[in-house]
Protein chains: 2
Amino acid sequence: MTAAVTPANIFQIGFGFWASKVLLSAVELGLFTELAKGPADLATLSQRLGLHERAARDFLDALVALKLLDRRDGKYSNAPDTDLFLDRAKPSYAGGLLEMANARLYESWGSLTEALKTGRNQNEAKDSGDIFAALYADPDQLRGFLAAMSGVSLGAAQAITAKFPWKDYKTFADIGAAQGMVAATLAGAHPHLSGAGYDLPEVKPVFEEFIAKRGVSDRVKFLAGNFFMDPLPVADVLIMGHILHDWDLPQKCMLLEKAHAALPKGGVLIVYELISLSKCFFSFPVRH
Amino acid sequence: MTAAVTPANIFQIGFGFWASKVLLSAVELGLFTELAKGPADLATLSQRLGLHERAARDFLDALVALKLLDRRDGKYSNAPDTDLFLDRAKPSYAGGLLEMANARLYESWGSLTEALKTGRNQNEAKDSGDIFAALYADPDQLRGFLAAMSGVSLGAAQAITAKFPWKDYKTFADIGAAQGMVAATLAGAHPHLSGAGYDLPEVKPVFEEFIAKRGVSDRVKFLAGNFFMDPLPVADVLIMGHILHDWDLPQKCMLLEKAHAALPKGGVLIVYELISLSKCFFSFPVRH
């Protein structure tokens with residue numbers, strides 16, 4: 001047995017679901033929203049959140065150990081990141097994604113081995129085969145999903161807003177805009193920009209509510225469309241975030257062709273994605 | 001929105017269950033045992049493990065990203081830690097703990113919010129209230145549990161073996177010995193030591209099989225007993241690993257009293273545990 005080799009990384013990863021579930025339950029219970037009002041001690045928090053005494057202290061201390069809470073003189077408070085991103089009362093709330101992970105994904109991932117052996121979906125589309133039809137059919141579930149997508153997009157929205165040379169462009173359209181996180185962040189930071197969120201018609205009320213809350217309704221509109229059947233909207237900059245990964249190679253290429261057709265000369269397509277690099281071996285002809 | 005505050009840590013933790021489940025499924029599928037025989041490419045591994053092509057590459061590449069596998073020229077191989085600790089053919093196998101996490105704990109932790117609200121067990125003892133009775137009643141489940149405890153104890157066994165001044169002591173007894181990982185590691189490294197593993201009688205065949213495999217049966221015996229009803233065995237050094245956390249304060253104190261009574265003058269009790277520090281506010285009188 002080599003002294004330098006330890007099982008630490010293996011167990012850290014293997015039991016990572018403990019830390020996940022502690023955070024996901026904290027979001028579900030509204031802990032960070034409660035603490036955003038001010039620090040509170042164990043008894044106060046237990047009473048407000050309905051926590052049983054058996055595990056309440058370990059639960060809160062686990063969140064301290066994970067650096068998601070601070071503890072000082074017996075009072076718990078939010079860490080800077082949980083205060084900004086996990087307080088439901090703030091427009092920067094990104095916990096919808098974790099709510100979705102808690103309510104839907106954690107259980108589906110329990111069937112990972114079956115998925116690996118059979119290649120079949122383990123989510124709500126396990127039977128129907130169409131995850132979006134299943135999600136969009138239920139307004140509450142759709143609302144939760146769209147809010148979750150804001151969590152997925154938040155980091156990218158900040159980076160794209162800060163790092164892309166927006167001064168050289170006037171209009172944008174976010175393809176598969178969901179709640180409108182990217183559009184709202186962009187328009188909020190760059191007053192010279194106007195743009196659109198493009199998504200299925202069911203998304204319209206959720207998008208418009210979010211955009212109004214962010215105070216950019218005068219410059220950000222909703223465009224209803226289905227990117228399989230309709231052309232993409234025309235804009236200086238098109239954005240596709242976490243869209244391509246849902247589809248196989250022929251659909252990916254078709255979507256990129258449509259983006260190409262919709263862009264003016266000198267236009268730009270911004271794609272942000274989580275795709276395994278070893279799979280990105282296709283090339284796409286550029287014809288500008 | 002402060003530029004320096006990002007949701008990175010929140011999402012890293014919140015989605016940690018993805019990484020966990022990838023590793024747990026890899027252990028379940030015997031991936032590391034297969035790769036311990038030599039590097040293999042995607043097609044070979046998929047065929048040997050029965051992986052469907054849809055997710056096989058992403059699955060293996062995810063393990064590479066987690067540093068649990070290496071990939072070179074299209075062939076996958078074990079990382080040093082997974083080769084040592086997750087190959088079932090090696091005596092250092094510590095994957096029993098992850099097998100238990102996969103088969104039992106992942107699902108139970110899905111009910112964490114309910115546990116926090118009600119204070120009730122969410123594991124096999126959800127109804128009966130006695131987790132050990134539930135586990136020990138089924139020989140297969142008991143065997144899995146005891147092997148899992150070897151994973152829990154492995155890091156501590158290595159540290160205790162290396163760092164404690166064993167040259168000053170001759171005998172030890174491991175209280176709640178399970179499969180015998182601590183006893184076997186100690187006896188294997190220190191030929192002057194003899195000792196015992198103390199556990200419930202059902203554990204005897206599993207313990208003796210493990211100790212025989214490790215080649216230390218001549219110096220390590222099994223002692224059957226119930227530490228609530230019987231005295232603890234006499235030895236220069238008593239070890240209690242992950243025992244105290246299972247019991248409330250009165251039982252903890254009783255077990256420490258029994259250890260005190262069983263130790264000779266100059267004897268030592270080694271306790272290793274995962275206990276939240278903020279709860280360790282009781283003191284225990286030392287009377288040597």
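The values are calculated or read from the model by the stated rules, or taken from the named source; none is laboratory data. As the structure is a prediction and not an experimental result, all values here were calculated from the model. FYI the Cβ positions are ideal-geometry reconstructions off the backbone, even for glycines, and counts take in every protein chain you see. Note: areas computed on protein heavy atoms with side chains; ligands, DNA, RNA excluded. Shrake-Rupley method; radii C 1.70, N 1.55, O 1.52, S 1.80 Å.
Some points to look at:
- Residue check for B:Ala134: touching a Ser or Thr at 6+ places or on another chain (Cβ under 8 Å), among the aliphatic types (A, V, I, L, M) and more than 14 Å from every other protein chain (Cβ to nearest Cβ): yes
- Filter result for A:Ala62 (under 25 Å from the mean Cα position of the chain (by Cα), more than 7 Å from every other protein chain (Cβ to nearest Cβ), under 25 Å from B:Trp247 (Cβ atoms) and not in a strand (DSSP E or B)): yes
- Residue, nearest to A:Ala26 (Cα to Cα), within segment B:83-120, restricted to residues that are at the interface with another protein chain (Cβ under 8 Å from one of its Cβ atoms) and in contact with a strand residue (DSSP E or B) (Cβ under 9 Å, 6 or more places away or on another chain): B:Leu86
- B:Gly176 fulfils the conditions (1) within 14 Å of chain A (Cβ to nearest Cβ); (2) in contact with a strand residue (DSSP E or B) (Cβ under 9 Å, 6 or more places away or on another chain) except for a single criterion, (1).
- Note on segment B:157-170: residues that are more than 11 Å from chain A (Cβ to nearest Cβ) and part of a helix (DSSP H, G or I) amount to 5.
- Of all residues in segment B:26-40, exactly one satisfies the criterion of being in contact with a Phe, Trp or Tyr (Cβ under 7 Å, 6 or more places away or on another chain) and not aliphatic (A, V, I, L, M), namely B:Pro39.
- Top-ranked residue in segment B:3-57 [being polar (S, T, N, Q) and more than 7 Å from every other protein chain (Cβ to nearest Cβ); ranked as surrounded by the fewest Cβ atoms within 10 Å (Cβ to Cβ)]: B:Gln47
- Any hit, segment A:250-257, residues being open to solvent by 20 Å² or more (accessible area, probe 1.4 Å) and within 19 Å of the chain's Cα centre (by Cα): no
- Counted residues, segment B:216-231 - those being touching a Gly at 6+ places or on another chain (Cβ under 8 Å) and at pLDDT 95 or above: 6
- Condition check for A:Ala133: at pLDDT 90 or above and out of contact with any Asp or Glu (no Cβ under 6 Å at 6 or more places or on another chain): no
- Test: residue in segment B:72-80 that is over 25 Å from A:Gly110 (Cβ atoms), facing another protein chain (nearest Cβ under 7 Å), modelled with pLDDT of 95 or more and part of a helix (DSSP H, G or I): yes
- Verdict on A:Asp87 being among the acidic types (Asp, Glu), open to solvent by less than 40 Å² (accessible area, probe 1.4 Å) and either assigned to a helix (DSSP H, G or I) or modelled with pLDDT of 95 or more (or both): yes
- Taking the criterion of being open to solvent by less than 10 Å² (accessible area, probe 1.4 Å) and among the β-branched types (Val, Ile, Thr), the residues of segment A:180-205 that qualify are A:Val182, A:Val203.
- Checking each residue in segment B:133-182 for being in contact (Cβ under 8 Å) with a residue 24 or more places away in the chain, farther than 21 Å from A:Ile10 by Cβ and hydrophobic (A, V, I, L, M, F, W, C) picks out B:Leu142, B:Phe164, B:Trp166, B:Phe172, B:Ala173, B:Ile175, B:Ala177.
- Scope segment A:132-148; condition open to solvent by 40 Å² or more (accessible area, probe 1.4 Å) and assigned to a helix (DSSP H, G or I); matching residues: A:Phe132, A:Ala133, A:Pro139, A:Asp140, A:Gln141, A:Arg143
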